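Chemist: Below is one structure. I have some questions about it.
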Amino acid sequence: MIPLVAQVPQTDARNGKVADTDTQFSTRDYTRAEWEGRKEELKQRILFAAGLTPMPAKTALRPQVTGRVEGSDYTIEKVLLETMPGFFLGGNLYRPRNLAAGKKVPAVMHPHGHWTYGRLENQPLYSAPSFGINMAKQGFVVFAYDMVGYNDSPQVVHRFTGKPEQLWQFTPLGLQLWNSIRVVDYLESLPDVDPKRIGASGASGGATQVLFHAAVDERVVATAPVNMVSLIMQGGCICENAPHLRVGTNSVEIAGLTAPRPQLIVAATGDWTRNVPKEEFPAVRKIYALYGAAEKVDAVQFDAPHNFHKPSREAVYTFFRKSLLGIEDGKAVAEVNVTVPDARDLLVLWNDKLPERAKSAEELFKAWKKMSDEQASAEMDAAVLRSRLAMAVEATPAAGVKAQKVAGGVVLSRGEGDRVPVMVKSGQPANSATIVVHRDGAQAAMAAAGVKVDGAVYAPDLYRTGNAKAETEPRHVHHATFHPSDDAYRVQDILTTIEYARAQGASSIRLQAIGDAGPWAILAAAVSPVAVELAAEPLSTNAHWNTDEWLAERCFVPGLQRVGGLQAAMRALPRK
């Protein structure tokens, strides 16, 4: 039995000041075995947050080259890729000119940051064309491509979000990560690209894309994220902050996922990377050291504002010269002055329009939902469904449940700052328990008609219901990036109560939901590590539970619909 202790917090920390994009994060040390487990966990978190769990099917890219700029020793092609049916990505392919027949050279992906003109930006603090041309002159193929909503990729606006989209994990982050994965597919298809030597570099939001992409796609063998790895700022745009993405983690750990592949971290004194030499870089290097590869990660910092300026680009040139060309003579590569083409010569859609099969934003979202439904319906493995649903509600095994006796019951805690008041009624047999949940809390649950009374009865005040109602500190715009939703917390509180009932000797547990508390109970029963008997109104008579509109307001769990919704939860129920 769980001993009654006085270690349950007096207030629920989930209501207080919590982590956000500007929190000062700390790092921790890992053993190699611990990091390997953490690495897989974080990789799965990134894919889930991006809506890529399960991965969409790869379809034909149908690359179109709509124009070419001819330089003396390089070319620039205007390229359009169809990264999923009806969804297009624009970019520029910079290539060395007059390569010997059959020669294959390294390629570098270059996603841009939040500069006004995206991949066309050309000013002292940032110039994507200067980077592409110089790299081509040095013998690299470079593909500079759009963020969603920029330049030749206008089908969705860049900063789009909403609860329905989040239920389905249809986000800018996911679309951009998928685009990056498909860019590797495209580069691998080019006859002059060595598929074993593909790197990536971007600045600011482009660096964010590089970090997450390299974390989940090991075909990227060398990276140079510029002005983004930080413990004091985690990205300011929705495209860097999808729900679930940074729960319990930060960009230092994300950068560590590239280990032991070569990486150069570029920083500036005038932005949130100002502490890189003394804080972030040593932390990333510790992860590399777990692989005996501390020398494969380096950092450089410039006395400059937020940028991808000439000195930063030169550091990246030098890094790729060593990591992708294999030239280790210690020489630094200087940028040469180039003539940057006019924007009209780089834009795919200058005086043109997208192909007729291009889908609108609404059509793309509809197609995404259709794909999700088909994938979830095709998944027959209940364990896989449970795993995905557990990611949606952020359900993890409790290290142990603490209990403090109070009048009429107990207060429980998983030891994570949570506080769950539970009304308790003793009963026989001792090995039987009923947990009853109500949207209005424990008192309403105990008073409800039809509650089974055999054995002990536990009625929790789930997060911010009943006597657990409380005001919260103001929520950051990207709160869901760092924390479970309120409804996910309610599911977790049911799981905490189940664990307490088990510890009190109950081997037979009935989970009874009153009315519209049904979805919380269904999700808890689906992801519970032990089988429970579910007593809730059936989905067949509560069609409203399955709608985006109802879930957005009454059971909002980002990603729930992407993995099959409540129907998948019913199919995933553990069986005795």
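Chemist: Please work out the Cα convex hull volume for region 161-232 and give it in Å³ per residue.
Modeler: 105 Å³
Chemist: Compute the acute angle (0 to 90°) between the alpha-carbon long axis of helix 32-49 and the principal axis of greatest extent of the alpha-carbon atoms of the chain; round to the nearest 10°.
Modeler: Tilt relative to the chain: about 90 degrees.
Chemist: Also, quick follow-up: Of Phe308, Ala403, Ala224, which is farthest towards the positive pole of the chain's charge dipole, taken about the Cα centre with +1 and -1 on the beta-carbons of Lys, Arg and Asp, Glu respectively?
Modeler: Towards the positive end, the residue furthest out is Ala403.
Chemist: Where does region 340-435 land on the Kirkwood hydrodynamic radius, alpha-carbon pairs, in angstrom?
Modeler: 20.0 Å
Chemist: Could you please state, rounded to a whole Å, how far the C-alpha centre of region 95-112 is from the C-alpha centre of region 184-213?
Modeler: If you average the Cα positions of each part, the centres end up 12 Å apart.
Chemist: Report, in whole Å, the centroid distance computed from the Cα atoms of region 385-419 and region 223-265.
Modeler: First find each Cα centre; the distance between them is then 29 Å.
Chemist: I'd like the orientation of helix 518-527 relative to the chain: the angle between its Cα long axis and the longest Cα principal axis, in ° from 0 to 90, rounded to 10.
Modeler: The two axes meet at around 70 degrees.
Chemist: In degrees from 0 to 90, rounded to the nearest 10, what is the angle of the helix 361-378 Cα long axis to the longest principal axis of the chain?
Modeler: The answer is roughly 60 degrees.
Chemist: What figure in square angstrom, to the nearest 10, would you give for the accessible area of Ile181 with a 1.4 Å probe?
Modeler: Surface open to solvent at Ile181 totals about 10 Å².
Chemist: Something else about it: Using the Cα centre of region 518-576 as the reference point, and only Cβ charges (+1 on K/R, -1 on D/E), how large is the resulting charge dipole? Debye, rounded to the nearest 20.
Modeler: For this selection, approximately 300 debye.
Chemist: Could you rank Thr59, Thr75 by how accessible they are, 1.4 Å probe, largest area first?
Modeler: Heavy-atom accessible area, descending, gives Thr59, Thr75.
Chemist: Right, something else. State whether region 134-285 is rounded, prolate or oblate according to the following rule on the C-alpha gyration tensor (a ≥ b ≥ c being the square roots of its eigenvalues): a/c under 1.5 gives rounded; otherwise a/b larger than b/c gives prolate, and the remaining case gives oblate.
Modeler: Oblate, since a/c reaches 1.5 and b/c is not below a/b.
Chemist: Please name whichever of Asn98, Phe88, Tyr126 sits farthest to the positive end of the charge dipole of region 49-203, dipole taken about the Cα centre and charges placed at Cβ: Lys and Arg +1, Asp and Glu -1.
Modeler: Asn98
Chemist: With only Lys, Arg, Asp and Glu charged, each at its Cβ (+1 for the first two, -1 for the last two), find how big the charge dipole of region 259-364 is about the Cα centre; round to the nearest 20 debye.
Modeler: Dipole size: approximately 320 debye.
Chemist: Of the options Pro260, Tyr145, Gly235, report the single residue whose Cα projects farthest towards the positive end of the charge dipole of region 145-270 (beta-carbon charges: Lys, Arg +1; Asp, Glu -1).
Modeler: Highest projection toward the positive end goes to Gly235.
Chemist: Could you state the number of Å between the C-alpha centres of region 316-359 and region 118-153?
Modeler: If we compute the Cα centre of each part, the gap is 4 Å.
Chemist: Which whole-Hz couplings ³J(HN,Hα) result when phi for each residue of region 396-406 is put into the Karplus expression 6.51 cos²θ - 1.76 cosθ + 1.60, θ = phi - 60°, listed in order with x for Gly and Pro?
Modeler: 10, x, 6, 5, x, 9, 8, 9, 10, 6, 9
Chemist: When a/c is below 1.5 the answer is rounded, else prolate if a/b is larger than b/c, else oblate, so apply that to region 403-463 with a ≥ b ≥ c taken from the square roots of the Cα gyration tensor eigenvalues. Mind dumping the intermediate values first?
Modeler: Numbers: a/c = 2.13, a/b = 1.34, b/c = 1.59.
Oblate.
Chemist: Assigning unit charges at the beta carbon (Lys, Arg +1; Asp, Glu -1) and nothing else, what dipole magnitude in debye, to the nearest 20, does the chain show about its Cα centre?
Modeler: Charge dipole, the chain, about its Cα centre: 800 debye, nearest 20.
Chemist: Using Cα positions and a limit of under 18 Å, work out the lysines in reach of Lys405, with same-chain residues fewer than 8 apart set aside.
Modeler: Once the sequence-local lysines are set aside, what remains near Lys405 is Lys425.
The values are calculated or read from the model by the stated rules, or taken from the named source; none is laboratory data. No experiment lies behind these values; they were computed from the predicted model shown. Methodologically, a virtual Cβ is constructed for each residue, glycine included, from the backbone with ideal geometry; neighbour enumeration extends over all protein chains shown. Surface areas here come from the heavy atoms of the whole protein model, side chains and all, with no ligands, DNA or RNA. Shrake-Rupley method; radii C 1.70, N 1.55, O 1.52, S 1.80 Å.
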